[in-house]
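To start, the structure under review is shown below, and the notes come after it.
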Amino acid sequence: MRPRFLIIGAGFSGSVLANRLVNLLDCRIDMWDERNHAGGNCHTSRDEKTGIMVHTYGPHIFNTDKKEIWDYVNSFGEFRPYVHRVKALSKGKIYPLPVNLFTINQFFGQSFTPAEAKSFLETKADNSITDPQNFEEQALHFIGNELYKAFFYGYTKKQWGCEPTELPASILKRIPVRFNYDDNYHANIYTGIPVDGYSAIMEGMTEHPDITITLNKKFTAQTDVSGYTHIFYTGPLDAYFQFEYGRLGYRTVTFEKHYADGDHQGLSQMNYCDEEVPYTRVAEHKHFTPWEKHDQTIYFKEFSKETGPDDEPYYPKRLDADKSMLQHYRKKAASLSGISFLGRLATYRYMDMHHVIGEAMAFSENFVEAFRAGQAPPVFSNIE
C-alpha cells in the first residue's frame with residue numbers, strides 16, 4: 001500500500017519536503033495550511049492597483065553560498081540578479097548599511113583608508129568589555145558608543161521591544177562592519193529574486209498529481225490523522241502542544257500600506273534607526289523588481305510588536321526562559337511517534353530562506369533513508 005503523508009504548512013519547508021518526498025518515494029501527499037494562500041511568510045502576489053509584485057509579509061531576498069540550493073530553486077522558475085542595498089536614516093542623515101567605509105567616513109567626517117578606519121574604530125571600541133554578556137556590551141565591544149547609538153540602539157529597541165541590555169549577546173554574533181565601500185547587504189555569491197514571485201516557485205515545487213493542497217484548514221493535535229503514514233508539522237511548536245508549558249516568545253510585524261505616484265524613497269529598504277520614529281523600516285516593493293517599470297508605487301511601514309494569540313509569529317526571541325521552555329517542548333515531541341517537526345516555527349529558530357530550503361532537502365533525504373530501512377524517522381530536522 002502506498003504511503004500517505006500529511007504536511008502541515010505550505011511554506012518553503014513544507015513545499016520542499018513535498019517535492020522531495022514525491023520524487024523519492026511512491027507516495028501521496030496532502031498539504032494543509034490555515035491561511036487562504038500557500039507560500040507561508042514568503043508569499044508574494046501582485047498588487048491589484050499598481051501591478052507591483054508585493055512581498056506580503058515583508059522583504060525576502062534569496063541569497064545563498066551553496067550552488068546546489070541555488071540550482072534547486074532555479075529549477076522551478078527564473079531568478080534574476082538583484083543586489084539589496086539598504087540605507088539608514090539616523091538623526092536626519094542617511095547612511096549606507098551595513099556599516100562600511102563610506103558609512104564610517106560620512107559619519108565621522110573623515111576620509112579614512114581601510115587600514116585607517118580599522119585603527120580608528122579600535123580606539124572607539126570599549127576594550128574594558130572582555131566577555132560581552134548582552135547585546136549592548138557586544139556592540140560596544142566591537143564598534144563603540146557612537147556608531148552603536150546611531151545605528152543599533154533605537155532600531156534594536158523597537159525591533160525587540162526591550163532594552164538591548166536585556167537581549168543576549170548571541171543575537172549580535174558579529175557586528176557587520178566592512179572596511180571597504182561594498183554596500184551589498186548580502187555577502188553570499190548567489191543572490192536573486194524570482195521573476196514571478198516566491199509563491200510561483202513553491203507552486204512549481206508542489207505541482208504534482210500526487211500532491212494535494214487544502215487551504216483554510218486548521219490543524220490541531222486533536223485532528224484525526226489516523227489515515228496517514230506519517231505527519232510533518234511546520235507550525236509553531238508551542239501551538240502544537242496547546243501552549244502546555246507556556247508561549248514561546250516571538251516578535252511580530254504589522255504593516256501600514258501607502259500608495260504614491262512615481263518613486264517614494266528611491267530604493268527598496270530604508271531603516272529608521274531613531275527610537276522616536278515608531279516604525280523600524282519602510283519597504284518600497286517595486287525596487288525589488290528593477291526589470292519592471294511602474295508609474296505608481298506601493299510602500300509599507302513596518303511596526304514591530306510582541307506576538308499575541310491572534311498574531312503571526314515572525315522573530316523568535318530565544319531569551320533564557322524561551323530556551324528552557326523549548327527544551328520541555330522538544331522532550332515531549334521526542335516521545336511521540338508518527339510525526340516530525342521542521343522549519344523555523346517548529347524548531348523555534350530564525351532561519352533565512354536558504355537555510356530553510358537546505359535543511360528541508362537534507363531532512364527529506366534522512367527521512368527517506370530511514371523509511372526505506374524500516375527505521376524510526378527523525379523527529380526534528382535539527383539537533384539542539
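Please count how many residues of the range 265-275 are assigned to a loop (DSSP other than H, G, I, E, B) and either in contact with a Lys or Arg (Cβ under 7 Å, 6 or more places away or on another chain) or in contact (Cβ under 8 Å) with a residue 24 or more places away in the chain (or both).
Filtering the range 265-275 for residues assigned to a loop (DSSP other than H, G, I, E, B) gives 265-268, 273-275.
Among the residues that remain, those that are also either in contact with a Lys or Arg (Cβ under 7 Å, 6 or more places away or on another chain) or in contact (Cβ under 8 Å) with a residue 24 or more places away in the chain (or both) are: 265, 267-268, 273-275.
Looking only at that region, the number is 6.
From the list GLU122, GLU137, GLU146, which one is assigned to a helix (DSSP H, G or I) and free of Cβ contacts under 8 Å to residues at least 12 places away in the same chain? Before the answer, list the steps.
Working: GLU137 fails: free of Cβ contacts under 8 Å to residues at least 12 places away in the same chain; GLU146 fails: free of Cβ contacts under 8 Å to residues at least 12 places away in the same chain.
Of the residues listed, the single one that is assigned to a helix (DSSP H, G or I) and free of Cβ contacts under 8 Å to residues at least 12 places away in the same chain is GLU122.
For the range 164-264, list the strands (runs of 3 or more DSSP E) that sit wholly inside it and hold at least 2 residues that are in contact with a strand residue (DSSP E or B) (Cβ under 8 Å, 6 or more places away or on another chain), over 24 Å from ARG318 (Cβ atoms) and among the acidic types (Asp, Glu); which are they? Break it down stepwise before answering.
Values: elements: 190-194, 211-215, 230-233, 250-261.
The qualifying strands (runs of 3 or more DSSP E) are 250-261.
What number of residues within the range 23-67 are more than 24 Å from ASP352 (Cα to Cα), surrounded by fewer than 21 Cβ atoms within 10 Å (Cβ to Cβ) and aliphatic (A, V, I, L, M)? Can you show your working first?
So the first thing to find is which residues in the range 23-67 are more than 24 Å from ASP352 (Cα to Cα), and the list is 23-30, 47-51.
So of that shortlist, the ones also surrounded by fewer than 21 Cβ atoms within 10 Å (Cβ to Cβ) come out as 23-28, 30, 47-51.
Applying the additional criterion that residues be aliphatic (A, V, I, L, M) yields 24-25.
Selection size over the range 23-67: 2.
Can you tell me which residues in the range 226-253 are under 21 Å from ASP30 (Cα atoms) and of a type in the set (Gly, Ala, Ser)?
Within the range 226-253, the first condition is being under 21 Å from ASP30 (Cα atoms), and the residues that meet it are 226-237, 239-240.
Hits for the range 226-253 are SER226, GLY227, GLY235, ALA239.
I'd like to check which strands (runs of 3 or more DSSP E) are fully inside the range 277-357 and have at least 2 residues that are in the same structural domain as PHE79 (by TED's automatic domain parsing) and buried (at least 16 other Cβ atoms within 10 Å of the Cβ). Walk me through it before giving the result.
Values: elements: 281-284, 296-306, 339-341.
Of the strands (runs of 3 or more DSSP E) lying wholly inside the range 277-357, those with at least 2 residues that are in the same structural domain as PHE79 (by TED's automatic domain parsing) and buried (at least 16 other Cβ atoms within 10 Å of the Cβ) span 281-284, 296-306.
Among the residues of the range 351-370 satisfying the criterion of being touching a Pro at 6+ places or on another chain (Cβ under 6 Å) and touching a residue at least 12 places away in the same chain (Cβ under 8 Å), which is nearest to ARG4 (Cα to Cα)? It would help to see each step written out before you state the result.
Of the range 351-370, the ones touching a Pro at 6+ places or on another chain (Cβ under 6 Å) are 366-367, 370.
Checking the rest, the ones that are also touching a residue at least 12 places away in the same chain (Cβ under 8 Å) come to 366-367.
Details: ASN366: 18, PHE367: 14 Å.
Only one residue fits best here, namely PHE367.
Working carefully through the options GLN159, GLN138, GLN133, find the one that is surrounded by fewer than 16 Cβ atoms within 10 Å (Cβ to Cβ), outside the structural domain of ARG4 (by TED's automatic domain parsing), within 26 Å of the chain's Cα centre (by Cα) and on the phi < 0 side of the Ramachandran plot.
Working: GLN159 fails: surrounded by fewer than 16 Cβ atoms within 10 Å (Cβ to Cβ); GLN138 fails: surrounded by fewer than 16 Cβ atoms within 10 Å (Cβ to Cβ).
Being surrounded by fewer than 16 Cβ atoms within 10 Å (Cβ to Cβ), outside the structural domain of ARG4 (by TED's automatic domain parsing), within 26 Å of the chain's Cα centre (by Cα) and on the phi < 0 side of the Ramachandran plot holds for just one of GLN159, GLN138, GLN133, which is GLN133.
Taking THR234, is it outside the structural domain of ALA370 (by TED's automatic domain parsing), crowded, with 17+ Cβ neighbours inside 10 Å and either in contact (Cβ under 8 Å) with a residue 60 or more places away in the chain or hydrophobic (A, V, I, L, M, F, W, C) (or both)?
Details: outside the structural domain of ALA370 (by TED's automatic domain parsing): no; crowded, with 17+ Cβ neighbours inside 10 Å: yes; either in contact (Cβ under 8 Å) with a residue 60 or more places away in the chain or hydrophobic (A, V, I, L, M, F, W, C) (or both): yes.
When the stated conditions are applied, THR234 does not pass them.
The values are calculated or read from the model by the stated rules, or taken from the named source; none is laboratory data. Worth saying up front: this structure is predicted, and the values here are computed from it rather than measured. Cβ: placed from backbone, ideal geometry, glycine included. Neighbour counts: every protein chain shown.
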